Amino acid sequence: MIAATERQDAGDQCVLPPAFCLIHVRKCCGAVCVAHTVVPVDSELVDAAITRWIRGYAGQPFSLCDAISLEVMRRERIAKALTFDNHFTIAGFTTLR
């Protein structure tokens with residue numbers, strides 16, 4: 001499992017769950033360049049996601065998928081998520097709809 005992002009310029013990243021592939025889109029010399037980064041989900045990432053997002057927000061029904069996405073966003077300093085899921089707003093991220 002990996003998390004998905006779209007970058008429209010060097011400082012603007014968005015997460016697109018549940019696609020789970022980091023995708024960077026930017027303009028290069030007038031053309032659009034696309035690159036991606038795969039983020040492997042290991043036990044350390046799962047443990048951090050559970051601790052920070054599921055236990056840390058016990059009043060919210062975050063799924064494990066949401067928690068992993070949120071943890072990857074936090075680590076990668078991604079501030080925006082393209083989602084209709086209100087949990088990303090509750091967690092402090094900006095949602096693009």
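Nothing in this text is a laboratory measurement; each read-out follows from the coordinates by a stated rule. On a predicted model such as this, the values are computed, not experimentally measured, just so you know. Note that we place each Cβ from the backbone using ideal geometry, even for glycine, and neighbour counts take in every protein chain shown.
If the condition is being surrounded by fewer than 22 Cβ atoms within 10 Å (Cβ to Cβ) and within 19 Å of ASP47 (Cβ to Cβ), then segment 72-90 contributes ARG74, ARG75, GLU76. Pairs are defined by a Cβ separation below 8 Å, a sequence spacing of at least 6 or placement on different chains, a first member in segment 45-68 that is touching a residue at least 40 places away in the same chain (Cβ under 8 Å) and farther than 17 Å from THR89 by Cβ, and a second member that is of a type in the set (Val, Ile, Thr) and part of a helix (DSSP H, G or I); the pairs so defined are ILE68/VAL46.
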